[in-house]
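Q: Before I ask anything, let me first share the structure, which is written out below as structure tokens.
Just so you know, all these numbers are worked out from the coordinates, no wet-lab data involved. Note that the coordinates shown come from a computational prediction; the quantities given were computed from them, not determined experimentally. Heads up, the Cβs are rebuilt from the backbone with ideal geometry, glycines too, and the neighbour counts pull from every protein chain shown.
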Amino acid sequence: MTRCFIFLKSMVDSPLSMVNASKYSGYRPSTMDHRPSTVFKQTGTMGFHWQIAIAYWFIGTSVLAQESRVYDTLSLQSAILNETKPFSIYLPPGYDASDERYPVVYLLHGGDGNHTNWATRGDMQATVDRGIREGKIKPMIIVMPDAGDSYYMNNIRGEYQYEEFFFRELMPFVEKHFRCRNEKAYRGISGLSMGGFGSLLYALHHPELFSSCAALSAGVRTDEDLMNLPYEGFLRRYKKALGDVKEARDRVTDFWHQNNIFHLFGHLPAEKKHGVRFYLDCGDDDFLSRNNSMLHVLMLDQKVDHEFRMRDGAHTWDYWSTGLPDALKFISDGMPK
């Protein structure tokens, strides 16, 4: 058994050095890697001048090299957010043993969650491994960012631009330093609840980047829903993005409409109605089932290509973990062979 460090190179304009990397312990193939944090540091305000170090345990058997891995202690120093943002990543079986580039899916967590939830609570790794093994989905990289309580939006006053971070820092970094295929045809996005909202928002804001979007129990709300939210519930969900708005009628603004899924689909230009494949899935006992059904009807009326599922279940991890296989299959099926 050999322990070694591999340093990723070919960065823009700056040399690489190891940042906050210590000896990793207990590499367990096909399980979560709980290791000391590896920090990816960005310097400068223009371009991407990165310093990165990733430490691996390599075990000298071809069998173990074929197993998938999840790293859940990675983080990226964001110049936009002025803080360190963690993320997790799933690398498919055979990643280390080849030079192949893989499709990539961004998998978003829900409210009060974080970047580890899909792996620790949603059975993500076993689900993806099984789908690949059975030939139901293509081997792919899964990226799980941490959005905190941002609702995946920018801030109305420009104080915390999470969406800007996602597209200008996180996505370029991941797709440069992991072997992702960066064409639209091989990129998908999915998420649950708040992350279902985020996946729809990002696919609508950037249809040139995603081929498919699969939203589970999407946290979508109408203008009326937003105004009728109790104050504490509004703050818990939207304070980071919309601010501390005491008057309910003041919550609905042009900024909200720019991020309101109903408004965006209702005003979607004809030429953009077929640019992304959409998939909605919500339980019949979910408190969001009515709004997801309303969104389905709106998309039908607007002639937006999509599939809609309503299964027996509620707003629970059991529902999302059992829905993930079909969501990933939907995304994978839309990718070229």
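Q: Using only the Cα atoms of region 89-153, each taken as one equal point scatterer with no solvent, compute I(q) by the Debye sum, divide by I(0), and report log10 of the ratio at q = 0.11, 0.13, 0.24 Å⁻¹.
A: -0.29, -0.39, -1.02
Q: A further question on this structure: First obtain the Kirkwood hydrodynamic radius of region 79-333 from its Cα pairs, then insert it into the Stokes-Einstein equation at 25 °C and 0.890 mPa s, and state the resulting D in µm² per second as a whole number. Could you put the intermediate results ahead of the total?
A: Numbers: Rh = 18.4 Å.
The Stokes-Einstein estimate is 133 µm²/s.
Q: Beyond 27 Å between alpha-carbons counts as too far, so tell me which of 85/246; 85/136; 184/303; 85/329 fall in that bin.
A: On the way: 85/246 30 Å; 85/136 32 Å; 184/303 22 Å; 85/329 29 Å.
The pairs that break the limit, which is 27 Å between Cα atoms, are 85/246; 85/136; 85/329.
Q: Please list 181-187, 326-332 highest first by mean number of surrounding beta-carbon atoms within 10 Å per residue.
A: On the way: 181-187: 16.9, 326-332: 22.3.
Packing order, densest peptide first, comes out as 326-332, 181-187.
Q: Along the Cα→Cβ direction, 7 angstrom out, place labels at residue 301 and residue 333. What is the inter-label distance in nm?
A: Output for this residue pair reads 2.7 nm.
Q: In what order do 256, 320 fall by count of nearby beta-carbon atoms within 10 Å, going from fewest to most? If you can, show how the numbers build up before the last one.
A: Values: 256 19, 320 27.
Neighbour counts put them in this order, fewest first: 256, 320.
Q: Let me ask you something else. Calculate, in nm to one decimal, what residue 82 and residue 310 gain on full extension: separation in residues at 0.36 nm each, minus their alpha carbon distance.
A: On the way: separation 228, 0.36 × 228 = 82.08 nm, distance 4.03 nm.
This chain segment gains 78.1 nm when fully extended.
Q: Check residue 108: other-chain or 5+ apart residues with amide H under 5 Å from its amide H, H built from backbone geometry?
A: For residue 108, the qualifying residues are 190, 191, 192.
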